[in-house]
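J.: Before we start, here is the structure in question, set down as structure tokens.
The values are calculated or read from the model by the stated rules, or taken from the named source; none is laboratory data. These figures come from a predicted structure and were not determined experimentally. Don't worry about glycine lacking a Cβ; one is built from the backbone with ideal geometry, like all the others, and counts go over all protein chains shown. In case anyone asks, the SASA skips ligands and DNA or RNA and just uses the protein heavy atoms, side chains included. Shrake-Rupley method; radii C 1.70, N 1.55, O 1.52, S 1.80 Å.
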Amino acid sequence: MSATAFRRIQDLPSTHLLGSGTALCAGCGGLQALHQIYDVLGPDTIFVNAAGCMTLLSVYPFTPFRGSWLYTAMASAPAGAQGVRDALDLLEGSGRLPAGEDLRVAVLTGDGAAYGMGLSATSGAIERGLDFLYVCYDNEGYGNTGQQTSAATPHGARTASSGAGNPGEKKDLFAIWTAHRPAYAATVIGAEPLDLARKVERARDARGPRLLLALAPCPTGWGFDAADAVEIGRLAVRSGMFPLKEWVDGRVVHTRVPRPRRPVEEYLVRQERFAHLFEPRRDEAALAAIQARVDAYWAEVEA
Ligand SMILES: Cc1ncc(C[n+]2csc(CCOP(=O)(O)OP(=O)(O)O)c2C)c(N)n1
Ligand code: SF4
Ligand SMILES: [Mg+2]
């Protein structure tokens, strides 16, 4: 889409997020999730956006957002959110914000920032009880710079910096968040819009630190046809690779338990980043190990 397809903010009609961005890819699962999340949150949301693919949505003086948006360095979005929240509280306290103006602050970040560079600032913000939403679109790599390995890259996935497949394991950001006992935390995906909308409503209406962790199928970085983005997202859930869950009143509740669970192979085989597990010959050991990890997770959930 060309920049001329964007409109100046004062000309925007009533939908919250317009267009698909000047530089975002067709079929972007991160954008799909953000569209849906923003539709529930609405324009009273101020986004503090860590550097990544979604920062390309706003190219001055054009923006698809109806509300305010602030760009920060990768590690600094939670610190930026603290500054914005403090400023809003001061303005409210001194009567300089119109009565009834209830602006909420939301970090918008990729996994590279969320699982790695920004983790310490995030931990501090949760610890201080900062009243903010934290939206992470997880495309399992540094997408904006060509899909290098991040701490969210799954085991075995090939990236621009792990040509033989990532030898490490995906970090469990949901568990790290819940260890801080936040006000709310949930995993979501654009391919399951009703589950997503209900969780965003809960997150919107709570106060304190709240996480929305969205798996973001990424046609460009994962290697699949843009038209298959929703199907890949559904397979992530139905194979059990991406559990949909939330943290409510101090315990984890799974909001979709895939029964019967599809073999993880059905999810993996559709993506170029896992092609080396199937060609030139099947890597039975690696495939069995991935399946075993998913089985062990669900065995514990269903025990
Ligand atoms: C400290 C620092 N190192 C490197 C970069 C270059 N950089 C910009 S975006 C990006 C990738 C961020 O990855 P992620 O947070 O997962 O977001 P995505 O690009 O996948 O949307 C990188 C490495 C940067 N902006 N700041
Ligand atoms: S690289 Fe992936 S996450 Fe980034 S805009 Fe393209 S599809 Fe979306
Ligand atoms: Mg990423």
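J.: Filter segment 68-102 down to the residues that are surrounded by 15 or more Cβ atoms within 10 Å (Cβ to Cβ), modelled with pLDDT under 95, in a loop (DSSP other than H, G, I, E, B) and of a type outside the set (S, T, N, Q) and list them by number.
T.: 97 - this is the single residue of segment 68-102 that is surrounded by 15 or more Cβ atoms within 10 Å (Cβ to Cβ), modelled with pLDDT under 95, in a loop (DSSP other than H, G, I, E, B) and of a type outside the set (S, T, N, Q).
J.: Here is a further query. Could you check how many residues of segment 144-186 are in contact with a helix residue (DSSP H, G or I) (Cβ under 6 Å, 6 or more places away or on another chain) and β-branched (Val, Ile, Thr)?
T.: Within segment 144-186, residues that are in contact with a helix residue (DSSP H, G or I) (Cβ under 6 Å, 6 or more places away or on another chain) and β-branched (Val, Ile, Thr) number 0.
J.: For segment 292-303, state whether one or more residues are over 19 Å from residue 162 (Cα atoms), among the acidic types (Asp, Glu), buried (at least 16 other Cβ atoms within 10 Å of the Cβ) and at pLDDT 95 or above.
T.: Checking segment 292-303: not a single residue is over 19 Å from residue 162 (Cα atoms), among the acidic types (Asp, Glu), buried (at least 16 other Cβ atoms within 10 Å of the Cβ) and at pLDDT 95 or above.
J.: What is the number of the single condition among (1) touching a residue at least 24 places away in the same chain (Cβ under 8 Å); (2) of a type outside the set (A, V, I, L, M, F, W, C); (3) more than 12 Å from ligand 3 (Cβ to nearest atom) that residue 172 does not meet?
T.: Condition not satisfied by residue 172: (1).
J.: Restricting attention to segment 156-166, does a residue exist that is away from ligand 3 (no atom under 12 Å from the Cβ), closer than 15 Å to residue 77 by Cα and open to solvent by 40 Å² or more (accessible area, probe 1.4 Å)?
T.: no
J.: For segment 177-229, which positions are more than 29 Å from residue 161 (Cβ to Cβ), assigned to a loop (DSSP other than H, G, I, E, B) and either touching a strand residue (DSSP E or B) at 6+ places or on another chain (Cβ under 9 Å) or among the aromatic types (Phe, Trp, Tyr) (or both)?
T.: 180, 181, 182, 183, 192, 206, 208
J.: Does any residue in segment 275-288 that is under 19 Å from residue 262 (Cβ atoms) come within less than 7 Å, Cβ to Cβ, of a residue that is open to solvent by 40 Å² or more (accessible area, probe 1.4 Å) and among the β-branched types (Val, Ile, Thr) six or more places away or on a different chain, and which pairs are these?
T.: Every condition considered, the pairs that remain are 278/269.
J.: Among the residues of segment 35-55, write down those that are aliphatic (A, V, I, L, M), more than 13 Å from ligand 3 (Cβ to nearest atom) and in a helix (DSSP H, G or I).
T.: Within segment 35-55, 37, 40, 41 qualify.
J.: In segment 232-255, which residues are charged (D, E, K, R) and in contact (Cβ under 8 Å) with a residue 12 or more places away in the chain?
T.: Within segment 232-255, 234, 238, 245, 246 meet the criteria.
J.: Please count how many residues of segment 143-159 are in a loop (DSSP other than H, G, I, E, B) and either among the basic types (Lys, Arg) or within 12 Å of ligand 1 (Cβ to nearest atom) (or both).
T.: Number of matching residues: 8.
J.: Please verify whether residue 56 is surrounded by fewer than 19 Cβ atoms within 10 Å (Cβ to Cβ) and touching a residue at least 60 places away in the same chain (Cβ under 8 Å), treating the condition exactly as stated.
T.: Yes.
J.: I would also like to ask the following. State the number of residues belonging to segment 190-208 that are open to solvent by less than 20 Å² (accessible area, probe 1.4 Å) and within 23 Å of residue 170 (Cα to Cα).
T.: 3
J.: Filter segment 104-142 for residues that are more than 16 Å from ligand 2 (Cβ to nearest atom) and in a strand (DSSP E or B) and give the result.
T.: Passing the criteria: 104, 105, 106, 107, 132, 133, 134.
J.: Hey, another quick one. Within the bounds of segment 108-118, is there any residue that is of a type in the set (Val, Ile, Thr), in contact with a helix residue (DSSP H, G or I) (Cβ under 6 Å, 6 or more places away or on another chain) and surrounded by 24 or more Cβ atoms within 10 Å (Cβ to Cβ)?
T.: Among the residues of segment 108-118, at least one is of a type in the set (Val, Ile, Thr), in contact with a helix residue (DSSP H, G or I) (Cβ under 6 Å, 6 or more places away or on another chain) and surrounded by 24 or more Cβ atoms within 10 Å (Cβ to Cβ), which makes the answer yes.
J.: Okay, moving on. Condition first: open to solvent by 30 Å² or more (accessible area, probe 1.4 Å), within 16 Å of ligand 2 (Cβ to nearest atom) and on the phi > 0 side of the Ramachandran plot. Now tell me which residues in segment 214-271 satisfy that.
T.: none
J.: Taking segment 105-121 only, how many residues are touching a strand residue (DSSP E or B) at 6+ places or on another chain (Cβ under 7 Å) and away from ligand 1 (no atom under 11 Å from the Cβ)?
T.: Total satisfying the criteria: 3.
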